[in-house]
Amino acid sequence: MLRSKWLIWLPALAAAWLFDFLFWNAQGGINYPIWITILTALALGLAHYQGRKPAWPSYLLGALAVAFSVFTALRSEGLTVFLNGAAAFASLALMCATLTTGNWPFYRLFDYILAGIKLVIAAFSRALTYRWPARPEAETPGWKKKASGWMAVLRGVLIALPILAVLAALLASADLVFASRLGDLLELFKLERVPEYIFRLFYILVLSYLFSGVLLHALYPAKEEERPDPEKAWMNPFLGLTETVIVLGAVDLLFAFFVTLQFQYLFGGQSNIKETGFTYSEYAVRGFTELVLVAVLSIGLYLVLNTIAKRKSGGQALAFNGLAIALMLLVLVILASSFQRLLMYENAYGFSQLRLYTHIFIIWLALLLVAAVALIAAGAPGRFGLALFCALIGFTLTFALINVDAFITRQNVNRALQGKP
């Protein structure tokens with residue numbers, strides 16, 4: 001049980017005030033890693049203080065959150081900063097959602113989404129629904145004692161103000177630097193800034209309320225979460241195997257026809273492409289974005305069918321898995337075709353940010369497809385959520401580690417030195 005409500009409200013208020021202090025009228029930089037690091041330490045430290053020992057996977061997420069946030073200060077390229085900033089915040093949120101259980105490595109894809117929804121709901125409602133500890137009646141001070149204390153503070157302030165005013169005026173007259181700093185301080189109390197202070201106080205209080213809900217959900221969730229079974233369906237399947245086989249089989253046949261053409265033309269060399277009436281550059285530039293989209297949609301199709309398709313026997317499961325593996329392998333070849341087109345494009349015109357973004361994305365998407373094939377073959381398709389989580393981490397870290405702008409510059413300078421356009 002929480003020892004005191006102030007153990008939640010004060011850390012939440014400190015986190016909200018720190019957000020205002022670091023980000024109000026400030027440009028991005030070291031402020032974001034400072035904020036993320038303090039929030040991570042605050043959540044883990046408060047858990048230890050309350051005797052709610054965090055699970056070891058929570059420390060891993062905390063380390064990832066800090067690492068991602070640091071790269072937002074070390075890099076200036078827009079997408080790198082955005083991806084690492086979002087990954088830091090998402091890692092911290094997932095840590096809070098599973099702080100004491102550490103269940104996230106066992107989550108299905110649906111469980112990750114559900115954990116995020118629960119955390120958002122808790123941020124808005126947990127502070128209202130939590131049963132705060134009541135102070136014993138004997139320890140509750142009377143209103144007279146409270147009023148007396150506040151009056152003493154007020155008298156002290158009224159006595160100190162004129163003394164401070166006289167002494168500060170003398171010091172300002174004696175030192176120009178002090179006078180300048182004192183003038184900057186007095187700027188804070190101008191009447192025209194009152195609306196700004198009211199607005200900032202309002203959102204600090206709102207953030208404090210939201211952060212308190214998150215901390216309560218992390219330390220004392222409304223219901224203790226049991227470790228999920230990755231291989232247990234989160235909904236009852238309803239689509240028959242016949243319909244499933246027709247859908248998967250039809251898509252497999254379509255992809256097989258497309259792959260056959262790719263081997264005949266794209267992988268067969270420039271002369272085979274020209275025989276179709278297209279130029280090499282037209283064939284290379286056209287379509288790699290669409291092929292990547294086809295790959296993404298195919299993964300989505302598999303996930304949906306894996307969830308809703310009935311498999312009443314081992315033979316039916318084997319048939320479904322065989323068609324699913326065939327789908328993934330064909331999509332891998334389609335991705336290879338897309339990657340080949342992209343390499344042609346880069347070889348002809350050099351690197352740009354968009355081309356490098358796509359380059360990295362295709363590689364990690366291919367690795368995800370390989371992982372999906374391995375999981376289906378091993379009979380553990382429920383682990384796809386964890387595989388996707390790891391792929392997203394790898395994708396984001398790749399941007400941070402290679403330094404996008406520096407990589408593009410090196411590649412294009414080398415092209416120029418080789419006499420290429």
>> Using only the alpha-carbon atoms, how far is helix 78-97 inclined from the longest principal axis of the chain? Give it as 0 to 90 degrees, nearest 10.
In response: 70 degrees
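Compare ILE113, ILE376 by solvent-accessible area with a 1.4 Å probe and give them largest first, with all protein chains kept in place. Walk me through the numbers before you get to the answer.
On the way: ILE113 100, ILE376 10 Å².
The ranking, largest first, comes out as ILE113, ILE376.
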> Using a 1.4 Å probe, how large is the accessible area of PHE351, given in Å² and rounded to the nearest 10?
Replying inline: 40 Å²
> In the full protein assembly as shown, how much of LEU297 is accessible to a 1.4 Å probe, in Å² to the nearest 10?
Replying inline: 110 Å²
> Who wins for biggest fluctuation among VAL70, VAL214, VAL206 in a Gaussian network model of the chain, springs between alpha carbons below 10 Å?
Replying inline: VAL206
> Taking all protein chains as present, what is the carbon and sulfur share of the accessible area of segment 334-406, in % to the nearest whole number, probe 1.4 Å?
Replying inline: 72 percent
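Of ASP184, ASP20, which has the most accessible area and how do the rest follow, probe 1.4 Å?
Working: ASP184 90, ASP20 10 Å².
Descending order: ASP184, ASP20.
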> Build a GNM of the chain with springs between Cα atoms under 10 Å: which of ARG355, ARG131, ARG155 gets the top mean-square fluctuation?
Replying inline: ARG155
> By how many nm would the segment from ASP175 to LEU392 lengthen if fully extended, with 0.36 nm per residue of separation less the alpha-carbon distance?
Replying inline: 72.5 nm
> If we count every other residue with Cβ under 14 angstrom of ARG126's Cβ, Lys/Arg +1 and Asp/Glu -1, where does the sum land?
Replying inline: +4
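Rounded, prolate or oblate: which one fits segment 321-418, using the alpha carbon gyration tensor with axes a ≥ b ≥ c (rounded when a/c is under 1.5, else prolate when a/b beats b/c, else oblate)?
Values: a/c = 4.52, a/b = 1.89, b/c = 2.39.
Here segment 321-418 falls in the oblate category.
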> How big is the gap, in Å, between the Cα center of segment 321-351 and the Cα center of segment 57-124?
Replying inline: 30 Å
>> Using only Cα atoms and rounding to the nearest 10 degrees, what angle (0 to 90) does helix 314-349 make with the longest principal axis of the chain?
In response: 80 degrees
> Under a GNM of the chain (C-alpha, springs under 10 Å), which listed residue has the highest mean-square fluctuation: GLU226, GLU346, GLU77?
Replying inline: GLU226
> From the cross-link list LYS223/LYS310; LYS53/LYS223; LYS232/LYS312; LYS232/LYS310, which pairs have alpha carbons spaced over 20 Å apart?
Replying inline: LYS223/LYS310
>> Tell me whether segment 28-118 comes out rounded, prolate or oblate; compute the Cα gyration tensor, take square roots of the eigenvalues as a ≥ b ≥ c, and use a/c under 1.5 as the rounded threshold.
In response: oblate
> Which residues' amide hydrogens lie under 5 Å from the amide hydrogen of LEU239, considering only partners 5 or more residues apart or on another chain, with H built in the peptide plane?
Replying inline: ALA309, LYS310
> What shape does the chain have by the C-alpha gyration tensor, where a ≥ b ≥ c are the square roots of the eigenvalues, rounded means a/c under 1.5, and otherwise prolate means a/b greater than b/c and oblate the rest?
Replying inline: oblate
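Arrange the residues MET151, MET235, MET328 by how much accessible surface each exposes, largest first, with a 1.4 angstrom probe. Walk me through the numbers on the way to the answer.
Details: MET151 95, MET235 60, MET328 0 Å².
Reading off the accessible areas and sorting them downward yields MET151, MET235, MET328.
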> Between the helical axis of 241-264 and the dominant principal axis of the chain, each derived from Cα atoms, what acute angle in degrees is found, rounded to the nearest 10?
Replying inline: 70 degrees
>> Taking the full set of protein chains and a 1.4 angstrom probe, give the accessible area of PHE395 in square angstrom, rounded to the nearest 10.
In response: 30 Å²
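The values are calculated or read from the model by the stated rules, or taken from the named source; none is laboratory data. All figures in this text were calculated on a predicted structure; none of them were measured in a lab. We place every Cβ from the backbone using ideal geometry, glycine too, and count neighbours over all the protein chains shown. Heavy atoms of the whole protein, side chains included, go into the accessibility calculation; ligands, DNA and RNA do not. Shrake-Rupley method; radii C 1.70, N 1.55, O 1.52, S 1.80 Å.
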